[in-house]
1. Just to be sure before I move on: is B:VAL316 within 11 Å of ligand 3 (Cβ to nearest atom), farther than 20 Å from B:GLY143 by Cβ and open to solvent by 10 Å² or more (accessible area, probe 1.4 Å) in the structure I sent?
2. Counting just the residues of segment A:238-258 that are facing another protein chain (nearest Cβ under 7 Å), at negative phi and free of Cβ contacts under 8 Å to residues at least 24 places away in the same chain, which one comes out surrounded by the most Cβ atoms within 10 Å (Cβ to Cβ)?
3. Which residue pairs have Cβ atoms under 7 Å apart, sit 6 or more places apart or on different chains, and have a first residue in segment A:27-38 that is assigned by TED's automatic domain parsing to the domain that holds A:HIS93 and a second that is in a strand (DSSP E or B) and basic (Lys, Arg)?
4. Name the residues in segment A:152-178 that are open to solvent by 10 Å² or more (accessible area, probe 1.4 Å) and out of contact with any helix residue (DSSP H, G or I) (no Cβ under 8 Å at 6 or more places or on another chain), would you?
5. Name the one entry in B:LEU208, B:LEU144, B:LEU157, B:LEU183 that is within 14 Å of chain A (Cβ to nearest Cβ), away from ligand 2 (no atom under 16 Å from the Cβ) and crowded, with 17+ Cβ neighbours inside 10 Å.
6. Go through segment B:1-118 and tell me which strands (runs of 3 or more DSSP E), entirely inside it, have 2 or more residues that are free of Cβ contacts under 8 Å to residues at least 60 places away in the same chain.
7. Residues B:LYS205, B:LYS249: which one is of a type in the set (Lys, Arg) and more than 23 Å from B:ARG296 (Cβ to Cβ)?
Amino acid sequence: MSKIEISHGCAFGEKPLIPQICNIIGIVEETSDVKTFRIQTPEGKKPFECRPGQLGMLSAMFTGESMFCVADQGDDYIEFTVKRVGMVTEELHSLSVGAQVGVRGPYGNWFPTESCKGRNMVFVAGGIGLAPVRAFLSYTLKHREDYGTITLVYSASNKDDLVFKKELFEVWPNEPDTHVNVSVYHACDGWEGEVCYTAPFLEKLGISTENAAAVLCGGPSLYRTCSEGLRKLGFADEDIITTLEMRMKCGVGKCGRCNIGGKFICLDGPVFTLAELAGLPSDV
Amino acid sequence: MILKKENVQNLLDELSKSALVFVPKEVDGVLKFAPFKSADEMTLDIINTTLPPKDLLFPQTQKMYRYGIDADGKMYVDPSDDSAEQVVFGIRTCDMQSIVCMDDVFLTKGFVDEFYQAKRDKLLTVAIGCNKVAETCFCDSMGLDPQNSPTADIQLLEGDDAYSVVAQTEKGEKALESWKPFLSEGSVEVPKIECALKVDMTGVKDKLDRMFDHPIWEELSAKCLACGTCTYVCPTCHCFDISQENKMKDGVRFRCWDSCMFSEYTQMAGDHNPRPTKKERLRNRFMHKLCFFEDRYGKTLCVGCGRCVEKCPVSVDITCLIDQIGEFDV
Ligand SMILES: Cc1cc2nc3c(=O)[nH]c(=O)nc-3n(C[C@H](O)[C@H](O)[C@H](O)COP(=O)(O)OP(=O)(O)OC[C@H]3O[C@@H](n4cnc5c(N)ncnc54)[C@H](O)[C@@H]3O)c2cc1C
Ligand code: SF4
Ligand code: SF4
């Protein structure tokens, strides 16, 4: 099993701060406060080439810019999955297909798609954290023969907060050697699946660490409990990959705020192994 | 070559024909680098301006682009370039070194900041060596020489009635051609000086690497008012926010100075803040200056100008911190 190698500080580009105007060509309402936007240039092209895990700055031009991970991509589009939490995201949610938005990127590093080749992949996500995970998961499905068993463990607060329902319940479970496990924290009518927090759910599933790499993404508490959970299962920190989030304005390592120690999440990250993070200050 | 002091006015008049010339002077009671009008108002003999010259390259508020909706309903983005030929005349060693640090930030590591670069390419730096030091100056402890700014395009040293003039870069040499009529042969006597305030940086970075969880941050931050003064007066602080202002069907997106001492700086959704109290913020500021920047760019981000030492209303003092670190056994 080869070591997981993550590239850092590998994005580059000219005129990084100026957005290009693109169109929204599709919107999926994932939950009451999460929407997925499919974005394309006016010429019908992909706004930029990027790898799974990379970021893009999306702007509702009259309101402001916000950073999102590219949740998926096709030959001629990229997708962002946006949770409504404030000014910019509220404005984005009010837009319809055909609306114009600003896009700049790609920023940040990417998931180690190469060094994970040959491994069984374990994806663990909570809530909107499935967005970055989806980018990697969907890559592994497109390159199915390069990876072993694919296991997804996903939770959200309740049934209505699960994002990418179509993929979760219709698409991914039908992919070869792909296991999708979904739980919610709070039971409700119409939910017959697991009711369980993500960390105990992980343990209950008894996921094998053999030849496996884990990808973990979620809010601060999920991150804490599930990194512990994965360790308990026997995963080494070198084999747990995560993506970090901190407030950012420029996306290119200049505006200052997203540092942990001497690293900038926008440039050196957002993707790190837990082993790499152990060597950094705990300011996240 | 020397530049007689009596010729400075004429030289700057000449330079002003093709560039905006900035000199140290008092404007509304604040010493800063401001457009040259006449030699009378200049304070070339001051030790250090209250505000650093960083705004010549990185304005406090900088328009990045206009956007809007045109007559056909199409959205447009129209990048702004307000860069012009600029000369900073009388910059000191500390501030010159701060430009070296800002060059690292804005021009390296994969992305070149287009707005900074446009201004940087058009800036001529003329340094004057210090013959006096303030109580709060400690640049020589930070590895600098108050009378020599090796990266300045032109270096002047002050004698009694003239400055010695040396071009140090290609740009400086080219610029000197237009200075010729105002220069003459000669030499000047320059008094040797030293900073009165000393700190010992030996081992400080190594110790800081191990001091993230040290109680000092709690103690030091107890009196901090989170006013942000230290970051605004610091020549190397470069953090910014991006915002916009709309007018009917168009608007302007701009960036403006921000401060790591403010709580909103890292505030995230769901009430999460990775630096929730003054302790984490102050720790980040000082560790950035003395430790993190070195990890990233191989130099310290404090140039010893002493501005934060002088201006902090409650005397949070980086030199005392450095002394304290020196005494710790960590
Ligand atoms: C690397 C990275 C990847 C991200 N990926 C996604 C994604 O795929 N999907 C998604 O929905 N969101 C993602 N986010 C979070 C997203 O950027 C913020 O939710 C968004 O910027 C909030 O903007 P707003 O104007 O709506 O909120 P504001 O009105 O500015 O503020 C509302 C609340 O959000 C907080 N906030 C502001 N900016 C951020 C930020 N950058 N991160 C977290 N909280 C913030 C504010 O402090 C405030 O509490 C990501 C953030 C980062 C840094
Ligand atoms: S100037 Fe002093 S009080 Fe103000 S934020 Fe800086 S350290 Fe705190
Ligand atoms: S930290 Fe203080 S002394 Fe150091 S460069 Fe900034 S303002 Fe000057």
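1. Numbers: within 11 Å of ligand 3 (Cβ to nearest atom): yes; farther than 20 Å from B:GLY143 by Cβ: yes; open to solvent by 10 Å² or more (accessible area, probe 1.4 Å): yes.
So B:VAL316 passes the test.
2. Step by step, filter segment A:238-258, then rank; the result is A:LYS254.
3. A:ILE27/A:LYS35; A:VAL28/A:LYS35; A:GLU29/A:LYS35; A:ASP33/A:LYS83; A:VAL34/A:LYS83
4. Result: A:ASN158, A:LYS159, A:ASP160, A:LYS165, A:LYS166, A:PHE169, A:GLU170, A:VAL171, A:PRO173, A:ASN174, A:ASP177.
5. On the way: B:LEU144 fails: within 14 Å of chain A (Cβ to nearest Cβ); B:LEU157 fails: within 14 Å of chain A (Cβ to nearest Cβ); B:LEU183 fails: within 14 Å of chain A (Cβ to nearest Cβ).
From the options B:LEU208, B:LEU144, B:LEU157, B:LEU183, the qualifying one is B:LEU208.
6. So the answer is B:20-27, B:30-35, B:75-79.
7. Working: B:LYS205 fails: more than 23 Å from B:ARG296 (Cβ to Cβ).
Being of a type in the set (Lys, Arg) and more than 23 Å from B:ARG296 (Cβ to Cβ) holds for just one of B:LYS205, B:LYS249, which is B:LYS249.
For every residue, the table says whether it meets (1) more than 30 Å from B:GLY73 (Cα to Cα); (2) more than 9 Å from ligand 1 (Cβ to nearest atom); (3) in contact with a strand residue (DSSP E or B) (Cβ under 8 Å, 6 or more places away or on another chain); (4) of a type in the set (A, V, I, L, M).
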residue	(1), (2), (3), (4)
A:PHE62	no, yes, yes, no
A:PHE80	no, no, yes, no
A:THR89	no, no, yes, no
A:GLN100	no, yes, yes, no
A:VAL103	no, yes, yes, yes
A:ASN109	yes, yes, yes, no
A:THR113	yes, yes, no, no
A:PHE123	yes, yes, yes, no
A:ARG134	yes, yes, yes, no
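The values are calculated or read from the model by the stated rules, or taken from the named source; none is laboratory data. Worth saying up front: this structure is predicted, and the values here are computed from it rather than measured. Glycine also receives a Cβ, built like all others from the backbone with ideal geometry; neighbour counts cover every protein chain displayed. Areas reflect the complete protein model, heavy atoms only, side chains present, ligands, DNA and RNA absent. Shrake-Rupley method; radii C 1.70, N 1.55, O 1.52, S 1.80 Å.
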